[in-house]
Amino acid sequence: MTATDFTERDERYQIRVRNLHKSFGKHHVLRGIDLDIERHKINIIIGGSGQGKSVLCKHLMGLLKPDEGHIFVDGLDIVPLNEVEMNGVRRKFGMLFQQAALFDSMTVEENVSFPLREHTNLPRNKIQEMVAEKLAILGLHNAEKKMSSELSGGMAKRVGLARAIVLEPEILIYDEPTTGLDPIATKNVDNMIAETAQHLGVTSIVISHDMASTFRIADRIFMLQGGRIVANGTPEEILDTTNEDLRVFVETSGTVKFHGQPSMGGAV
Amino acid sequence: MDKPSVPASVEAKKTERPTKRSTKRPARWVTRVDDLWHQVFGPLFKGFETFGQILVLTGQAFYWLFRRPFRWREYLVALDFIGVGSLSIIVLVGLFTGAAFSLQVTDTFRTFGMESYIGAMVTLALVRELAPVLTALMVTARAGSAMATELGSMRITEQIDALRTMAVSPVQYLVTPRIVASIIMMPLLTMVFSFAGMVGAYLVAVILLEVDHGLFISETEWMVDTYDIKIGLIKAAIFGWVLSSVGCHQGISAAGGAKGVGLATTRAVVYSSVAVLMLDYFVGDILLIIYESPS
């Protein structure tokens, strides 16, 4: 498959990854990832800890450079871009980090308004208005003046998401959004992802190993194992799978039941 | 909902192909020699690598200095933290350094009847050596360590990655203001240190040990040239670059949780202090050659 096939903007797929390799020292983490992220859908990447999910996501935004392979965002290969050129592409993205990664020296308002202050020339009152609006959408009222270090885990994630969506990106990446949250907060975060996708029409990419969340909100599920995408499909197709690794992974969580009997002889 | 082009099971089969990389192992003696080589020269290479990374970081910092946007506020905050924040400690240390120095030399100089040179001697030592070096060590302990800790904890809590995702260069936003502020503030602090040291020396020598006021001042004026002060200030600016680039580099490349941040801070202080003391000799030598003492 040549790289030139993907240099056109594709209406169905927004991001296309081909043969992505990445090593850290002797540790070969990504071993040829092929991935197609659907536009305006919630795409969830599942897989065990240390399988390279976060590493893959960092590649999608150009935070890491692959050793080999291509990443096309709306037909543009971002791998050869330098940091300055990359900043143009990054304006399409918003990212919610695992621990929210709020700037702890700033208040909630300063955090959320940061992208606006950096990238727009809007007057101060307009910025305040936009920040209040985004915080209200996410159910955070009167939290503007709080320091980000005072927030609980769930609230910090909401503020992190507010900061990620304030410039209205086309693509949102969530790095394990429900890790470390109680079941109620987890459900709230799930709703938040689903509603954000619906309201803003963004392409969502969620990294998760929370099966309950995954099957609640996913339009499409990818399983990453051993540095490759070993399975992909809609939630229904995943439940029909005969791939042993996938069955074990999903079944162990105890949250969903497979259709049909598990096979005994390994994959396929 | 769209049907995928390939069902899950077929996709699974397709992606299971061997990696391109060769898995053939080298001969045993080759690995042995390789290990030995790394054990002997590893630390040396690591040192060169760190040095190179610091130079690259400095290069990036100056590249971003001239690009928009210019965040004046970040520069002011850094100038305030490094300069104004260190002022009281510099005055205090300067005062006592001068005082102790003059206390120790007064008796000795008296024995040889060279009382009149005390002021000149202390001032020369201060402006050329003691002020830039001790100021650099104090600023390293205060600001260099803070840079490593602050940037290090931003690194491990992914705040630096977050900056990049928002299309903001962490080097431009965090490193450039700190390096620039240190290069500007170090010479100013050195001047303050020298002045405080001279006051301390004067208090001890003239007020306490009854050296003649006129001799103290006039010999100092006669012996100390602007060239001596210039040497001290150039050194101070270089030390400002060293301590800030080392502090920022250690912080920005920290890894491994709270322990990693602690290690980065320790390294920042140790590397900067050693580099300052070593560079002091070499820079001093080079400046002496360039300016060739007029006396």
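We did not get these values from a lab; they are worked out from the coordinates using the rules stated. Bear in mind that the values here come from a model prediction, so they are computed numbers and not experimental data. Glycine also receives a Cβ, built like all others from the backbone with ideal geometry; neighbour counts cover every protein chain displayed.
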> Angle between the Cα long axis of helix B:145-156 and the longest principal axis of chain B, 0 to 90 degrees, nearest 10?
Replying inline: 10
> Which net charge results for the neighbourhood of B:PHE70, defined as the other residues with beta-carbon distances under 14 angstrom from its beta-carbon, given Lys and Arg at +1 and Asp and Glu at -1?
Replying inline: +3
>> To test your reading of the geometry: what angle, between 0 and 90 degrees and rounded to tens, separates the Cα axis of helix B:176-202 from the longest principal axis of chain B?
In response: 20
>> Which residues does the label zone of A:HIS259 cover in the stretch A:204-235, counting backbone N under 12 Å from a point 7 Å along Cα→Cβ?
In response: A:234-235
> Roughly how many Å is it from the Cα centre of the stretch A:36-57 to that of the stretch A:110-155, as a whole number?
Replying inline: 28
>> Pick from B:VAL283, B:VAL242, B:VAL33 the residue whose mean-square fluctuation is largest in a GNM of chain B, springs joining Cα atoms under 10 Å.
In response: B:VAL33
>> Rounded, prolate or oblate, given the Cα gyration tensor of the stretch B:240-295, with a/c below 1.5 counting as rounded?
In response: prolate
> What's the FRET efficiency of A:ASP240 with A:GLU129 using the Cβ-Cβ distance as r and R₀ = 45 Å, to the nearest 0.05?
Replying inline: 0.40
> How many nm is it between the label spots at A:THR120 and B:LEU288, if each spot is 7 Å from the Cα in line with the beta carbon?
Replying inline: 6.2
> In chain B, with Lys and Arg counted as +1 and Asp and Glu as -1 at Cβ, which of these residues, B:THR157, B:GLY197, B:PHE282, has the Cα nearest the positive end of the dipole, that is, farthest along it?
Replying inline: B:THR157
> Around A:ILE221, which amide H atoms from residues at least 5 apart in sequence, or from another chain, sit under 5 Å from its own amide H, with H modelled in the peptide plane?
Replying inline: A:ILE44, A:GLY233, A:THR234
>> Using only DSSP helix segments of four residues or longer, with each worth -39500 (n - 2.57), what per-residue ellipticity at 222 nm results for chain B after dividing by its residue count and rounding to 500?
In response: -25000 deg cm²/dmol
> So what is the relative contact order for the stretch B:195-295, in percent, with contacts set as C-alpha pairs under 8 Å and at least six apart?
Replying inline: 24
>> Skipping prolines and chain starts, which residues have an amide H placed within reach, meaning under 5 Å, of the one on A:VAL29, given they are 5 or more residues away or on another chain?
In response: A:LYS22, A:SER23, A:PHE24
> Taking amide H positions as placed 1.01 Å from N in the peptide plane, with prolines and chain starts having none, which residues 5 or more places from A:ILE173, or on another chain, fall under 5 Å of its amide H?
Replying inline: A:GLY94, A:MET95, A:LEU96, A:ILE205
> With the dipole of the stretch B:65-135 worked out from charges on the C-beta (+1 for Lys and Arg, -1 for Asp and Glu) around the Cα centre, which of B:LEU76, B:ILE89, B:GLY119 lies farthest toward the positive end?
Replying inline: B:LEU76
> About its Cα centre, how strong a charge dipole does chain B have in debye, to the nearest 20, once Lys and Arg get +1 and Asp and Glu get -1 at the Cβ?
Replying inline: 2440
> Using the Cα gyration tensor of chain A, with a ≥ b ≥ c the square roots of its eigenvalues, what is the shape: rounded (a/c below 1.5), prolate (a/b larger than b/c) or oblate (neither)?
Replying inline: oblate
>> Which order do the peptides B:262-273, A:161-172 come out in when sorted by mean C-beta neighbours inside 10 angstrom, highest first?
In response: A:161-172, B:262-273
> Using the Karplus equation 6.51 cos²θ - 1.76 cosθ + 1.60 (θ = phi - 60°), what ³J(HN,Hα) coupling, rounded to whole Hz, does each residue of the stretch B:58-72 give in order, writing x for Gly and Pro?
Replying inline: 4, x, 4, 4, 6, 4, 6, 4, 9, 10, 6, x, 9, 9, 4
> Got the relative contact order for the stretch B:73-291 handy, in percent, Cα pairs under 8 Å and 6 or more residues apart?
Replying inline: 37
>> For a Förster distance of 60 Å, can you work out the FRET efficiency between the beta-carbons of B:VAL199 and B:VAL40, rounded to the nearest 0.05?
In response: 0.70
>> Tell me the angle of helix A:153-165 to the major Cα principal axis of chain A, expressed in degrees between 0 and 90 and rounded to the nearest ten.
In response: 80
>> Between A:THR252 and B:ASP225, what is the label-point separation in nm under the 7 Å Cα-to-beta-carbon projection?
In response: 7.7
> Residue by residue through the stretch B:81-89, which ³J(HN,Hα) values in whole Hz follow from phi under the Karplus form 6.51 cos²θ - 1.76 cosθ + 1.60 (θ = phi - 60°), with glycine and proline marked x?
Replying inline: 5, 6, x, 4, x, 8, 4, 5, 5
> Considering only the other residues whose Cβ falls under 13 Å of the Cβ of A:ILE127, what net charge follows from Lys and Arg at +1 and Asp and Glu at -1?
Replying inline: -1
>> With θ taken as phi - 60° and the coefficients 6.51, -1.76 and 1.60, list the Karplus ³J(HN,Hα) couplings across the stretch B:211-217 in order, rounded to whole Hz; mark glycine and proline as x.
In response: 6, 5, 4, x, 5, 3, 6
> Which whole-angstrom value gives the distance between the alpha carbon centres of the stretch B:177-210 and the stretch A:6-35?
Replying inline: 58
>> Beyond a 31 Å Cα-Cα separation, which of these cross-linked pairs lie in this structure: A:LYS58/A:LYS134; A:LYS146/A:LYS187; A:LYS53/A:LYS126; A:LYS126/A:LYS157; B:LYS46/B:LYS259?
In response: A:LYS53/A:LYS126
